[in-house]
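Asks: Before anything else, here's the structure in question.
The values are calculated or read from the model by the stated rules, or taken from the named source; none is laboratory data. Everything quoted here is computed from the prediction, not taken from an experiment. Cβ coordinates were reconstructed from backbone atoms using ideal geometry, including for glycine residues, and neighbour counts include every protein chain displayed.
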């Protein structure tokens, strides 16, 4: 397949080389003809003129400034004169053409085009599944890092040159190809490999919602098979994206709201959900209990409004602090100001409050609110929103009780959805459960995970994927979830793995019990330590290992041993 | 009038005429085929090729292709000449001369194609 951008580069190069090459040819031919015409004298003193062969030979080595001397015979004065002329002629012609080539190669437009062509070729030559990440902000960066850590190749599209340069000095576990172009244009996405059959997912996490929307539309229309994950800031954009079957849409405001709501109503479910959906570096949140009483909400933007509504619905007294109480539908009794000053906080009654929510869109303000409020009332429960990752160390140091990071929320939820298509139905069902079930599940994980969040993995019980298990099931034997999770090195131990969810034709089973029998065709969603799922997979493919896991007996390998085993009964 | 068009037409035409001049005459008689004329035909052919670089139209592509064919033939003819006279020192025997001239004949054919295409292109241009 010929690439228009690629061939136009060649044409551009050739067109620019017209004049230099013509000059070079003319200079050489004039010099050569000159040598064949100038009379000389051979070693016997006879008159002699060069033929074309000798002339071209002489011009070739003078033109390239090598200079073998005067061959085959010493030159006559006339020939020497012409040699001088031809030296200047050919050397200048060379300088001119080489200068033209170099100036063309250094032309910024040409170099940009060259770079893009090279990248496009790289993407075309990819022969492994890759993800297309649009936007390399905090979210895109986190996603790229996590995806490459899992061994996926990533193509990044970002229009900000600075961010691309940042990316280029970073080290990744898998190849990352970075395009500096506008993801808003479908052609650019195609160039970045949207239509490639290896493109397994498009992730639209640019800072602008309508750009993400456009990317989601382009991806859905141009490649039916690709999975599309997008983030957005408004409900209408989210609904719009869902209307054309975008695989997963995350709205950080909604997500923040959901987590805060969980933290209030079902603290253990919140911990589990937050742990599973906040990226590979998430820590398990400490047990929180959100106090009831008077709350202060600083900032009445999208998040502030949502938090206000949430707290109001739980019959708590809420005072809002906002710079402009008249506008944007602030509730009655809103205190004017940003909340960074002690007077404003006192006016809102911080001394008698149980908690403060700092959700302005300025990180410095949020931190300032937190510190000022804490000085006035040390017992406050502090909820804060972190808008960008650049001041993450400060937020960590401030130790709020509840921290919201839109970028890691978006990256984390998208990452968990990428792991398996079963994560979304699992999450939906999980959110319906009550706190006790979540506490048990969390306790299950805490048996083997202390810090790193469990990794999702999934698989299907089928003759092709799990041949050994399929044979056992087909033979009519029963295999339960508990047996499945036995450690292949010591069958009485358990793998560091939990079965979260089983999808059977008609029914979904959440947190199946250990004695739950498996069946052919089941789809399993598991989570646990990195690499454990691979060990399980190896067991399910190997008859001997599966037999050991199920019965604790080592089946002998090889015909002779099996025969002996049968004899001995 | 466009100076680049003049140059282009000039070189294409000159390539044909020089090539024809070299080609005409008894096929195996060195007296009828001058080495300067072959040299000139090759140089002009090379320049015509370079001038056709970077044309994106279909016509430009065919013109470039025919020019490349011309050069291939003429360079082959020059190499045969050089090897016969300077390397193996067989000299311009009728057999060698015939092969040189027939190579240049092939070049002439490709040159004529070039010329016809150019003419067609120009005719098409004036009709519009």
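To keep it simple, each residue is scored yes or no on (1) touching a residue at least 24 places away in the same chain (Cβ under 8 Å); (2) in contact with a helix residue (DSSP H, G or I) (Cβ under 6 Å, 6 or more places away or on another chain); (3) over 16 Å from residue A:299 (Cα atoms).
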site	(1), (2), (3)
A:332	no, no, no
A:347	no, no, no
A:364	yes, no, no
A:370	yes, yes, no
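Asks: Filter the stretch A:16-25 down to the residues that are more than 8 Å from chain B (Cβ to nearest Cβ) and buried (at least 18 other Cβ atoms within 10 Å of the Cβ), then identify the one that is nearest to the chain's Cα centre (by Cα). So that I can check it myself, show each step before the final result.
Replies: Initially, the stretch A:16-25 is screened for residues more than 8 Å from chain B (Cβ to nearest Cβ), giving A:19-20, A:23-24.
Checking which are buried (at least 18 other Cβ atoms within 10 Å of the Cβ) leaves us with A:20, A:23-24.
On the way: A:20: 46, A:23: 51, A:24: 50 Å.
Among those that are more than 8 Å from chain B (Cβ to nearest Cβ) and buried (at least 18 other Cβ atoms within 10 Å of the Cβ), it is A:20.
Asks: Give the residues of the stretch A:391-423 that are farther than 17 Å from residue A:274 by Cβ and in a helix (DSSP H, G or I), sorted by residue number.
Replies: A:391, A:393, A:394, A:397, A:398, A:418
Asks: Right, something else. In the stretch A:506-519, what count of residues is obtained for those that are closer than 20 Å to residue A:472 by Cα and out of contact with any helix residue (DSSP H, G or I) (no Cβ under 9 Å at 6 or more places or on another chain)?
Replies: Qualifying residue count, the stretch A:506-519: 0.
Asks: Take the conditions closer than 22 Å to residue B:81 by Cα and either touching a residue at least 12 places away in the same chain (Cβ under 8 Å) or away from chain B (no Cβ under 12 Å) (or both) and apply them to residue A:13. Does it pass?
Replies: Spelling it out, it is not the case that residue A:13 is closer than 22 Å to residue B:81 by Cα and either touching a residue at least 12 places away in the same chain (Cβ under 8 Å) or away from chain B (no Cβ under 12 Å) (or both).
Asks: Let me ask another. Can you find, within the stretch A:26-39, the residue that is farthest from residue B:49 (Cα to Cα) among those that are buried (at least 21 other Cβ atoms within 10 Å of the Cβ) and at the interface with chain B (Cβ under 9 Å from one of its Cβ atoms)? Walk me through how you get there before you give the answer.
Replies: Looking only at the stretch A:26-39, we keep the residues that are buried (at least 21 other Cβ atoms within 10 Å of the Cβ), and these are A:27-28, A:31-32, A:35.
In the following step, the residues that additionally are at the interface with chain B (Cβ under 9 Å from one of its Cβ atoms) were identified as A:28, A:32.
Working: A:28: 16, A:32: 20 Å.
It comes out as A:32.
Asks: For residue A:110, indicate whether it is under 60 Å from the mean Cα position of the chain (by Cα), crowded, with 18+ Cβ neighbours inside 10 Å and either touching a residue at least 12 places away in the same chain (Cβ under 8 Å) or within 14 Å of another protein chain (Cβ to nearest Cβ) (or both).
Replies: Details: under 60 Å from the mean Cα position of the chain (by Cα): yes; crowded, with 18+ Cβ neighbours inside 10 Å: no; either touching a residue at least 12 places away in the same chain (Cβ under 8 Å) or within 14 Å of another protein chain (Cβ to nearest Cβ) (or both): yes.
Answer is no for this residue.
Asks: Do any strands (runs of 3 or more DSSP E) lying entirely in the stretch A:234-342 carry at least 1 residues that are under 25 Å from the mean Cα position of the chain (by Cα) and crowded, with 16+ Cβ neighbours inside 10 Å, and which ones are they? Reasoning before the result, please.
Replies: Numbers: elements: A:248-250, A:294-298, A:317-322.
Filter on the stretch A:234-342 gives A:248-250.
Asks: Among the residues of the stretch B:28-40, write down those that are within 9 Å of chain A (Cβ to nearest Cβ) and free of Cβ contacts under 8 Å to residues at least 60 places away in the same chain.
Replies: Selection gives B:35, B:36, B:39, B:40.
Asks: Of the residues B:67, B:102, which single one is within 30 Å of residue B:9 (Cβ to Cβ) and within 14 Å of chain A (Cβ to nearest Cβ)? Can you show your working first?
Replies: Numbers: B:102 fails: within 14 Å of chain A (Cβ to nearest Cβ).
After ruling out the rest, the residue left standing is B:67.
Asks: Next up: Take residue B:45 and decide whether it is touching a residue at least 60 places away in the same chain (Cβ under 8 Å) and closer than 27 Å to residue A:9 by Cβ.
Replies: Numbers: touching a residue at least 60 places away in the same chain (Cβ under 8 Å): yes; closer than 27 Å to residue A:9 by Cβ: yes.
Considered against the rule, which asks whether it is touching a residue at least 60 places away in the same chain (Cβ under 8 Å) and closer than 27 Å to residue A:9 by Cβ, residue B:45 comes out as yes.
Asks: Quick check on my filter: what residues within the stretch B:81-90 are touching a helix residue (DSSP H, G or I) at 6+ places or on another chain (Cβ under 6 Å) and either facing chain A (nearest Cβ under 9 Å) or within 22 Å of residue A:37 (Cα to Cα) (or both)?
Replies: Taking the stretch B:81-90 as the starting set, the residues that turn out to be touching a helix residue (DSSP H, G or I) at 6+ places or on another chain (Cβ under 6 Å) are B:81-82, B:84, B:86, B:90.
Selection gives B:81, B:82, B:84, B:86.
Asks: Something else: For the stretch B:41-56, how many residues are within 8 Å of chain A (Cβ to nearest Cβ) and either under 11 Å from residue B:15 (Cβ atoms) or assigned to a helix (DSSP H, G or I) (or both)?
Replies: Residues meeting the conditions: 5.
Asks: Now for a different question. For residue A:55, state whether it is under 23 Å from residue B:42 (Cβ atoms), within 14 Å of another protein chain (Cβ to nearest Cβ) and in contact (Cβ under 8 Å) with a residue 60 or more places away in the chain. First the steps, then the outcome.
Replies: Details: under 23 Å from residue B:42 (Cβ atoms): yes; within 14 Å of another protein chain (Cβ to nearest Cβ): yes; in contact (Cβ under 8 Å) with a residue 60 or more places away in the chain: no.
When the stated conditions are applied, residue A:55 does not pass them.
Asks: For the stretch B:5-12, indicate whether the set of residues that are within 9 Å of the chain's Cα centre (by Cα) and either on the phi > 0 side of the Ramachandran plot or surrounded by fewer than 22 Cβ atoms within 10 Å (Cβ to Cβ) (or both) is non-empty.
Replies: Filtering the stretch B:5-12 down to residues within 9 Å of the chain's Cα centre (by Cα) leaves B:12.
Filter again for either on the phi > 0 side of the Ramachandran plot or surrounded by fewer than 22 Cβ atoms within 10 Å (Cβ to Cβ) (or both), leaving none.
Checked against the condition, which is being within 9 Å of the chain's Cα centre (by Cα) and either on the phi > 0 side of the Ramachandran plot or surrounded by fewer than 22 Cβ atoms within 10 Å (Cβ to Cβ) (or both), the stretch B:5-12 yields no hits at all.
Asks: Kindly provide the set of residues from the stretch A:507-520 that are within 23 Å of residue A:416 (Cα to Cα) and surrounded by 13 or more Cβ atoms within 10 Å (Cβ to Cβ), ordered by number.
Replies: A:508, A:509, A:510, A:511, A:512 - these are the residues of the stretch A:507-520 that are within 23 Å of residue A:416 (Cα to Cα) and surrounded by 13 or more Cβ atoms within 10 Å (Cβ to Cβ).
Asks: Follow-up question, since we're still on this one. Note down all Cβ pairs under 7 Å where the first residue falls in the stretch A:303-322 and is under 19 Å from residue A:350 (Cα atoms), the second is part of a helix (DSSP H, G or I), and they're at least six residues apart or on different chains.
Replies: Sorted first by the residue in the stretch A:303-322, then by its partner, the pairs are A:307/A:260; A:318/A:308; A:318/A:311; A:318/A:312; A:320/A:308; A:321/A:344.
Asks: Identify all residues within the stretch A:447-458 that are more than 27 Å from the chain's Cα centre (by Cα) and either closer than 13 Å to residue A:266 by Cα or surrounded by 13 or more Cβ atoms within 10 Å (Cβ to Cβ) (or both); write none if there are none. Before you say what the answer is, go through the steps one by one.
Replies: From the stretch A:447-458, those more than 27 Å from the chain's Cα centre (by Cα) are A:447-448; that's our starting set.
A:448 - this is the single residue of the stretch A:447-458 that is more than 27 Å from the chain's Cα centre (by Cα) and either closer than 13 Å to residue A:266 by Cα or surrounded by 13 or more Cβ atoms within 10 Å (Cβ to Cβ) (or both).
Asks: Also, quick follow-up: Failed condition for residue A:274, given (1) touching a helix residue (DSSP H, G or I) at 6+ places or on another chain (Cβ under 7 Å); (2) farther than 16 Å from residue A:424 by Cα, with all others met?
Replies: Against the list (1) touching a helix residue (DSSP H, G or I) at 6+ places or on another chain (Cβ under 7 Å); (2) farther than 16 Å from residue A:424 by Cα, residue A:274 comes up short only on (2).
Asks: Just to check your reading of the model, which residue among A:65, A:49 is more than 14 Å from chain B (Cβ to nearest Cβ) and at pLDDT below 90?
Replies: A:65
Asks: Right, something else. May I ask you to say which residue of B:107, B:77, B:61 is touching a helix residue (DSSP H, G or I) at 6+ places or on another chain (Cβ under 6 Å) and within 14 Å of chain A (Cβ to nearest Cβ)? Walk me through it before giving the result.
Replies: Values: B:107 fails: within 14 Å of chain A (Cβ to nearest Cβ); B:61 fails: touching a helix residue (DSSP H, G or I) at 6+ places or on another chain (Cβ under 6 Å).
The match here is B:77.
Asks: Give the residues of the stretch A:153-207 that are part of a strand (DSSP E or B) and more than 15 Å from the chain's Cα centre (by Cα), sorted by residue number. Quick ask: steps written out before the conclusion?
Replies: Within the stretch A:153-207, the subset part of a strand (DSSP E or B) is A:153-158, A:176-180, A:199-204.
Selection gives A:180 alone.
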